[in-house]
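Just so it is clear, none of the values below were taken in a lab; they were calculated from the coordinates. Remember, predicted model here, so these are calculated numbers, not experimental data. Methodologically, a virtual Cβ is constructed for each residue, glycine included, from the backbone with ideal geometry; neighbour enumeration extends over all protein chains shown.
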Amino acid sequence: MEITSSTMVKPVCSVPHPLVGEKVPLTVFDRAAADAFIPTVLVYPGPAPSNEAVKEGLLKAITAYPHLAGRLALDDHGRRFLHVNNEGVFLIEATVPVDLADVLVDGRMAADVEDPYPTIPEESFGVALLQIQLNRYRCDGLVVGICSHHQAADGHSMSMFFTAWATAVREGKDFTTPTPFLDRARTSVPRSTPTPVFNHRSLEFTCGDRDAYAVVPMDRIKNLTVHFTAEFVADLKARVGARCSTFQCLLAHVWKKITAARELKPEEFTKVRVAVNCRGRASPPVPMDFFGNMVLWAFPRLQVRDVLSSSYGGVVGAIRDAVARIDDEYVQSFVDFGGVADANGEELVATAAAAGTMFCPDAEVDSWLGFRFHQLDFGTGAPSAFIPPDLPIEGLMIFVPSRKANGGVDLFMAVAEEHVAAFEEIIYSLD
């Protein structure tokens with residue numbers, strides 16, 4: 001790989017966005033998000049649009065998402081804020097003297113390939129919150145590597161931005177970027193007397209007595225890719241015996257299989273940390289086109305014997321019940337908790353796990369099933385692959401719409417090396 005250029009791309013428009021120059025305090029949802037850059041990779045087979053076309057679309061899209069061209073900073077009290085200062089997006093262009101087919105293996109980049117996204121910054125402050133690398137291959141294929149800081153936006157928000165960017169490239173000069181909802185303060189309005197009623201100090205934030213997970217060398221954690229066909233998903237839903245989502249039935253299935261592969265004690269408890277989009281759960285609801293962070297987590301929890309012996313319907317019910325508890329009352333309690341912390345000048349630290357963490361007997365799941373790949377078309381077709389980074393935490397899993405077949409789902413999961421063989425042997429079994 002040869003780096004041909006690196007530059008800071010800044011939005012240029014005759015009338016700056018109204019937020020440019022603002023110092024936007026982080027909301028309690030922002031502070032609950034990981035203080036980390038999240039890499040993702042989109043793969044476009046050749047002939048892909050030119051780098052110039054992709055950059056022009058980026059310039060147009062970023063004008064409607066000014067936070068991404070800003071920087072994280074600290075105020076006089078040591079609290080984080082987003083400085084919407086228009087300093088720009090960091091963009092790298094690289095050429096790779098091989099064909100895409102030479103480096104794509106089962107929907108992932110081959111292990112010996114250099115990372116196709118910018119080097120993840122060690123610090124969060126003062127660096128570009130959105131960093132992009134355009135990798136041009138010999139076959140004229142394009143791999144777009146993206147790193148975005150999680151405290152600037154959650155996955156739902158970034159999918160909105162990716163869609164706006166792709167549409168701007170595809171439509172060209174005539175495209176006007178839709179304006180997302182950007183009022184972060186609207187998401188975090190405490191009651192006149194803030195009254196948190198749930199234990200947010202040990203769920204969304206650390207308090208010193210959370211679960212103590214082991215940390216191991218990274219080579220003990222293996223990344224697996226599992227493909228579920230549309231037929232397999234349909235069979236799973238039939239076994240549930242009631243209406244359920246693809247995400248719910250697949251999570252129930254994988255929870256059963258990883259629990260079995262781990263050979264846990266029957267009386268032990270296991271739980272899954274499930275990301276929940278709270279935009280529509282708040283009262284009043286926040287518009288779905290809100291750009292920022294508004295995710296909390298549900299924690300379905302069962303004894304191992306119940307995970308393994310219960311029907312699919314029973315495990316799906318436990319997942320559904322836990323998610324349902326993240327309702328308007330819970331969201332308001334979380335916002336009130338943030339209001340009390342602000343009033344007391346308390347620094348909140350999110351419960352983000354370190355690389356090498358072993359979640360066993362637990363797990364964590366995120367769903368990117370809401371991605372609409374046809375909307376990420378730069379003009380020569382939708383991406384042929386959507387690749388998450390290697391997952392550094394055992395028990396972490398991500399569901400992504402499959403690029404192999406319509407209606408299928410790909411699971412990317414980090415599994416301890418001693419459990420890989422058992423997990424792979426049983427993952428497609430419906431017994």
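Worth a mention:
- Using C-alpha pairs under 8 Å with a sequence gap of at least 6, the mean separation divided by the residue count of the stretch 2-187 gives a relative contact order of 32 percent.
- Secondary structure note: in the stretch 201-426, about 75% of the DSSP beta bridges are antiparallel.
- Taking a quarter of the surface of the Cα convex hull of the stretch 46-94 gives a mean projected area of 4.6 nm².
- In percent, rounded to a whole number, the relative contact order of the chain is 22, using alpha-carbon pairs under 8 Å and six or more apart.
- DSSP beta bridge pairing in the chain, given as percent antiparallel to the nearest 5: 75 percent
- Cα-based equivalent ellipsoid, the stretch 154-303: semi-axes from gyration tensor eigenvalues, Å: 33, 26, 18
- When you count the other C-beta atoms within 10 angstrom of each residue and take the mean per peptide, 341-350, 227-236 line up highest first as 227-236, 341-350.
- Relative contact order %, the stretch 201-426, counting alpha carbon pairs below 8 Å whose residues are six or more apart: 31 percent
- Distance between the pseudo-spin-label points of Ser5 and Asn85 (7 Å out from Cα toward the beta carbon): 2.5 nm.
- Stokes-Einstein D (µm²/s) once Rh is taken as the Kirkwood radius of the stretch 201-426 over alpha-carbon pairs, at 4 °C in 1.567 mPa s: 68 µm²/s
- Loop-located GluC sites (Glu not before Pro) in the stretch 55-118 whose Cβ has at most 16 other Cβ within 10 Å (DSSP): Glu87, Glu114
- Compactness check for the stretch 261-371: Cα Rg over 2.2 N^0.38 Å is 1.26.
- Equivalent ellipsoid semi-axes - Cα gyration tensor, the chain, angstrom: 33, 29, 20
- Between the stretch 1-56 and the stretch 361-416, the Cα center-to-center distance that results, in Å: 21 Å
- Size descriptor for the stretch 36-144, Kirkwood hydrodynamic radius: 15.5 Å (Cα pairs only, one decimal).
- q = 0.09, 0.14, 0.20 Å⁻¹: log10 I(q)/I(0) that the Debye formula gives for the stretch 2-187, counting C-alpha atoms only: -0.33, -0.79, -1.45
- Across the options Phe269, Ala166, Gly317, the greatest Cα extent toward the positive end of the charge dipole of the chain (unit charges at beta carbon of Lys, Arg, Asp, Glu) belongs to Gly317.
- The H on the amide N of Ile38, modeled in the peptide plane, is under 5 Å from the matching H of Ser148, His149, His150, each at least 5 residues off or on a different chain.
- Note, ³J(HN,Hα) from phi for the stretch 419-425, Karplus 6.51, -1.76, 1.60, rounded to Hz, x at Gly and Pro: 10, 4, 4, 5, 5, 5, 6
- Theoretical FRET efficiency, 1/(1+(r/R0)^6), r = Cβ-Cβ of Ala230 and Val420, R0 22 Å, to 0.05: 0.30
- Distances between placed amide hydrogens fall under 5 Å for Leu264 paired with no residue 5 or more residues away or on another chain.
- With R₀ set to 51 Å, the beta-carbon distance separating Thr119 from Asp431 gives a calculated FRET efficiency near 0.65.
- For the stretch 330-374, chymotrypsin sites (Phe, Trp or Tyr not before Pro) are listed when DSSP marks them as loop and at most 14 other Cβ atoms sit within 10 Å of their Cβ; the list is empty.
- Label point distance in nm, Cys139-Ala238, each placed 7 Å from Cα along Cα→Cβ: 3.7 nm
- The stretch 187-202-the stretch 258-305 distance, computed between alpha-carbon centres (Å): 19 Å
- Whole-number D in µm²/s for the stretch 180-241 (Stokes-Einstein; Kirkwood sum over Cα pairs; 37 °C, 0.692 mPa s): 182 µm²/s
- Over the stretch 356-431, all Cα pairs binned in 5 Å intervals from 0 give whole-percent P(r) values of 3, 13, 21, 20, 19, 11, 8, 4, 1, listed from short to long.
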